[in-house]
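Each remark here refers to the structure printed beneath this line.
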Amino acid sequence: MIEIGGQTLALFHSNGQFYAIDNACMHRGGPLGEGEVYGTRVVCPWHGWEYDFSTGRNVDDPSRTLTCFVVKVEGDDILVEI
């Protein structure tokens, strides 16, 4: 998890790429950055809601979508655009 501009984001690394989404699960605000990750999916540790962090979409209800943020790597720095 990272704090940027007063926001808490979940930062993930999968298949050589970095992704950033809102850290709060849409169900009850659980910390997605603490969830189990597989592929490009994260499972909320509180109640099991699952999201694809490459799109922000909830796996069971794609109409529920978290905000995704553009991530760039420049040298040793990971930059997130908010």
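What follows draws every value from the coordinates through simple rules; no lab data is involved. What you see is a predicted model; the values in this text were computed from it and never measured. For neighbour counting, all protein chains shown are included, and Cβ atoms are generated from backbone atoms with ideal geometry for every residue, glycine included.
Scanning region 47-79 for residues that are of a type in the set (A, V, I, L, M) and within 18 Å of I4 (Cβ to Cβ) yields L66, V70, V71, V73, I78, L79. Of the strands (runs of 3 or more DSSP E) lying entirely inside region 6-53, the ones with 2 or more residues being surrounded by 13 or more Cβ atoms within 10 Å (Cβ to Cβ) are found at 7-14, 17-22, 41-43, 50-52.
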